[in-house]
2 protein chains.
Amino acid sequence: MTPAPRARQTVGGLGESGILRILNRRFAAVPAAGDWPEGTVGPGDDAAVVAAPDGRFVITTDAMAQDRDFRLDWPAVHGVMFDGHGLAGGYSTGWKAAAQNLSDINAMGGEPSGLLLALTMPPATPVAWIDGLAAGLAGAVRHLGATRCRIVGGDLGSDDRITVAVTATGDLDGRPAVRRTLPPAARAVTAGHELDLVLCGRAGWAAAGLNVLETPRGRLSELLRAAEQAEQSEHAEPGVRRLAALAAAAQLRPRPVLGAGRVAAEAGALAMMDVSDGVLKDAGRLAAANGLRAELDPDWVRREASALMPLACALDPASGQRTAERWVSAGGEDYGLLAALPAGAAVPAGFRRIGRLVAESGTPAAAEHEGSTGSTGSVGGADGWDHFTDR
Amino acid sequence: MTPAPRARQTVGGLGESGILRILNRRFAAVPAAGDWPEGTVGPGDDAAVVAAPDGRFVITTDAMAQDRDFRLDWPAVHGVMFDGHGLAGGYSTGWKAAAQNLSDINAMGGEPSGLLLALTMPPATPVAWIDGLAAGLAGAVRHLGATRCRIVGGDLGSDDRITVAVTATGDLDGRPAVRRTLPPAARAVTAGHELDLVLCGRAGWAAAGLNVLETPRGRLSELLRAAEQAEQSEHAEPGVRRLAALAAAAQLRPRPVLGAGRVAAEAGALAMMDVSDGVLKDAGRLAAANGLRAELDPDWVRREASALMPLACALDPASGQRTAERWVSAGGEDYGLLAALPAGAAVPAGFRRIGRLVAESGTPAAAEHEGSTGSTGSVGGADGWDHFTDR
């Protein structure tokens with residue numbers, strides 16, 4: 001039995017084999033870890049061997065960098081509270097690294113089968129942080145319901161800062177993958193017709209959470225206290241402090257709905273992708289991949305924004321509605337699942353209709369909607385997050 | 001057609017889609033890229049779908065960090081010369097990232113089927129560098145003979161420094177994977193008997209190359225010139241300058257022998273691993289995984305070191321032989337392939353016998369060999385490279 005890491009121990013004092021013991025103890029806790037089918041190989045060798053029952057596998061990779069994609073001092077989230085216990089940032093980082101990769105498997109209609117972790121970090125990294133990271137990876141696998149997913153291997157290296165690169169694999173169980181582009185047969189049938197755009201999962205909550213986490217603690221308390229005083233006279237529900245904690249949790253521990261990809265595939269989704277960079281940008285990408293234009297339903301944006309409105313008004317008293325609608329339309333990292341269906345098709349369980357994909361017209365969408373809140377249609381990713389440019 | 005990147009262009013000016021165009025142009029040049037079997041999916045979607053003809057796949061991942069695992073200013077290697085053209089460092093970095101992962105697939109007895117690239121970098125990264133990186137990845141796939149390997153996807157993120165995390169997958173074509181640990185049946189038969197330790201590929205050349213690359217240019221020229229003058233009287237072959245360039249090339253563009261894993265598997269290798277951290281350390285690991293102790297043949301170390309001796313004597317006139325033997329026994333990153341076979345078994349084509357694995361005795365190997373050059377046996381990785389401790 002590996003003892004729990006002491007508070008001030010660093011990875012430099014442990015060496016690679018000590019670090020691997022810490023990681024593998026956590027990875028052994030995912031449900032499927034107890035059962036390695038005949039012919040497969042788990043962690044500890046040059047490479048792992050994973051089953052691919054239908055003769056194919058889905059695979060994706062994502063890297064997260066310290067101070068860009070996560071912060072060492074991010075707080076822990078306990079129920080509706082969050083506090084400043086810095087080492088808990090490891091758990092959230094591991095959770096998020098797993099969740100965003102599992103979401104990509106989901107977005108092809110697959111079921112996760114394996115995760116790999118390539119981790120670079122300074123020798124001064126606290127052991128408790130990487131123990132938290134490993135627990136977060138395993139926690140996401142368990143709590144998001146990836147029951148067939150094992151953590152199959154990884155790599156350790158040293159660097160000045162921490163980088164967490166996760167690779168995920170998945171099974172399609174004999175189904176075709178649902179791609180961003182419509183299959184050729186569907187393209188012929190749907191040509192000239194619009195498609196329904198549906199979403200599973202929330203939009204805007206992770207962006208709201210980022211706003212909460214980036215507001216200095218003193219200022220945040222002040223803003224929330226002021227909003228709570230206003231609330232008491234209105235008997236509003238849920239309370240703004242609870243909303244702030246839920247938003248922070250959405251940013252720190254996103255919850256892609258892992259069954260949704262399969263449900264949508266079986267319901268006849270023609271094209272699909274997950275929302276990592278914002279609904280507007282990603283719907284634009286889904287549209288552009290098919291020579292179409294995305295139009296978000298402004299009523300959906302308003303409805304979706306209404307739940308976040310008390311928090312938006314607390315953080316940005318001058319223009320709360322605009323802020324809430326921007327979170328919903330342009331905020332990334334909720335890992336909702338976008339799918340395109342034939343117009344009028346039954347909306348798959350867990351999804352709701354949020355707009356449509358229409359033929360590209362001569363009129364740019366931006367001009368069409370000028371003067372609106374900016375929460376409606378856009379061509380090919382005009383808003384949302386780009387890692388290398390200012391928006 | 002994407003135009004070749006201009007000399008001073010940075011990735012910040014291109015945005016993600018521009019960077020992806022640069023990368024994908026290079027990735028389309030690997031031999032298998034033209035042929036995506038029915039039911040598979042290439043780059044550009046949430047995830048890729050790769051064929052796994054025998055219902056399993058091998059998978060491994062490795063991350064490389066700027067200034068730790070590669071340098072931006074590493075020189076280009078042209079035949080026997082190397083020069084200071086810094087952007088060529090991208091090519092070598094891509095090559096090495098691919099090679100070390102392909103080597104891990106090889107070490108299980110697999111044939112590479114796919115590569116993924118997760119890349120984080122600052123917006124100021126020159127486009128020419130990442131173009132070189134992509135060309136190097138594709139170049140390694142092509143020149144190392146991974147004819148069935150496609151570059152199937154990746155991820156881009158921003159960071160203060162560059163991190164290159166590559167994941168590789170492979171096929172076993174129905175064969176069992178060759179692991180570090182002996183299969184249980186073999187363990188019963190070989191119990192109490194020693195095993196032969198064989199190696200495919202060179203040892204010590206990458207370490208010699210690192211020594212060359214880390215010697216300041218002026219000082220290096222001086223040392224090589226002095227050695228060349230001594231050479232002329234001896235008619236030594238190959239010339240020390242050529243040797244320095246070959247060693248630098250071995251460090252910058254390691255060449256694992258990708259067919260060797262399959263050859264060894266078919267020749268009855270009982271356990272196998274690649275040499276990334278030095279023969280002594282990795283042979284110690286292979287031994288320890290089976291409750292055995294590794295003994296390197298000191299004659300092999302001397303023979304292997306003799307080819308590097310002129311370079312070792314040039315760089316370290318005071319103790320050239322010791323340096324050359326240390327490169328061979330403790331130097332990593334040549335990605336040779338170590339295998340254990342029943343004692344006296346035929347040595348597979350391309351391999352040679354370098355030592356043996358014997359039962360652990362009460363006498364620690366370190367004591368047994370005390371006073372030697374340190375190039376003989378060691379228990380469980382006492383020498384070689386650890387990322388998190390000083391040796």
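The values are calculated or read from the model by the stated rules, or taken from the named source; none is laboratory data. Given the structure is predicted, the values throughout are model-derived calculations rather than measurements. Every residue, glycine as well, gets a Cβ built from its backbone with ideal geometry; the counts of neighbours run over all protein chains shown.
Here are the numbers for the structure shown:
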read-out: Neighbours by Cβ (under 7 Å, 6+ apart or cross-chain): first from region A:65-82, more than 14 Å from chain B (Cβ to nearest Cβ) and at negative phi; second at pLDDT 85 or above and assigned to a strand (DSSP E or B); value: A:LEU72/A:GLN66
read-out: Unmet requirement for A:SER306, which otherwise passes all of (1) over 16 Å from B:SER17 (Cβ atoms); (2) in contact (Cβ under 8 Å) with a residue 40 or more places away in the chain; value: (2)
read-out: Residue identified as closer than 26 Å to A:VAL41 by Cβ and buried (at least 24 other Cβ atoms within 10 Å of the Cβ) among A:SER103, A:SER113, A:SER92; value: A:SER113
read-out: Pairs where the first residue, in region B:29-41, is buried (at least 16 other Cβ atoms within 10 Å of the Cβ) and the second is among the aromatic types (Phe, Trp, Tyr), C-beta under 8 Å, 6+ apart; value: B:ALA33/B:PHE27
read-out: Region B:284-315: number of residues that are over 26 Å from B:GLU231 (Cβ atoms), surrounded by fewer than 23 Cβ atoms within 10 Å (Cβ to Cβ) and within 20 Å of the chain's Cα centre (by Cα); value: 1
read-out: Single match in B:ARG242, B:ARG161, B:ARG202 (criterion: outside any strand (DSSP E or B), in contact (Cβ under 8 Å) with a residue 24 or more places away in the chain and in the same structural domain as B:ASP104 (by TED's automatic domain parsing)); value: B:ARG161
read-out: Residues (part of a loop (DSSP other than H, G, I, E, B) and buried (at least 16 other Cβ atoms within 10 Å of the Cβ)) located in region B:56-70; value: B:ARG68, B:ASP69
read-out: Residue among A:GLY261, A:GLY204, A:GLY192 that alone is small (Gly, Ala, Ser) and in contact with a Cys (Cβ under 9 Å, 6 or more places away or on another chain); value: A:GLY261
read-out: Helices (runs of 4 or more DSSP H) wholly inside region A:272-391 containing at least 1 residues that are modelled with pLDDT of 95 or more, in the same structural domain as A:LEU224 (by TED's automatic domain parsing) and under 26 Å from A:ALA191 (Cα atoms); value: A:279-288, A:298-315
read-out: Options B:LEU133, B:LEU119: the member that is assigned by TED's automatic domain parsing to the domain that holds B:TRP36 and either among the aromatic types (Phe, Trp, Tyr) or not in a helix (DSSP H, G or I) (or both); value: B:LEU119
read-out: Meets criteria (surrounded by fewer than 24 Cβ atoms within 10 Å (Cβ to Cβ), more than 13 Å from A:GLY355 (Cβ to Cβ), in contact with a strand residue (DSSP E or B) (Cβ under 9 Å, 6 or more places away or on another chain) and assigned by TED's automatic domain parsing to the domain that holds A:ARG202) for A:ALA264; value: no
read-out: Residue list for region A:334-343, restricted to those being surrounded by fewer than 24 Cβ atoms within 10 Å (Cβ to Cβ) and touching a helix residue (DSSP H, G or I) at 6+ places or on another chain (Cβ under 7 Å); value: A:PRO342
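Listed here are the residues, each with its yes/no results for (1) touching a helix residue (DSSP H, G or I) at 6+ places or on another chain (Cβ under 6 Å); (2) modelled with pLDDT of 85 or more; (3) small (Gly, Ala, Ser).
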position	(1), (2), (3)
A:ALA48	no, yes, yes
A:PRO53	no, yes, no
A:PHE57	no, yes, no
A:ARG68	no, yes, no
A:LEU72	yes, no, no
A:HIS78	no, no, no
A:GLY89	no, no, yes
A:GLN100	no, yes, no
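Conditions (1) in a helix (DSSP H, G or I); (2) within 17 Å of the chain's Cα centre (by Cα); (3) within 14 Å of another protein chain (Cβ to nearest Cβ), marked per residue:
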{"site": "A:GLY109", "(1), (2), (3)": "no, yes, yes"}
{"site": "A:ILE151", "(1), (2), (3)": "no, no, yes"}
{"site": "A:ASP155", "(1), (2), (3)": "no, no, yes"}
{"site": "A:VAL166", "(1), (2), (3)": "no, yes, yes"}
{"site": "A:GLY174", "(1), (2), (3)": "no, no, yes"}
{"site": "A:ALA186", "(1), (2), (3)": "yes, no, no"}
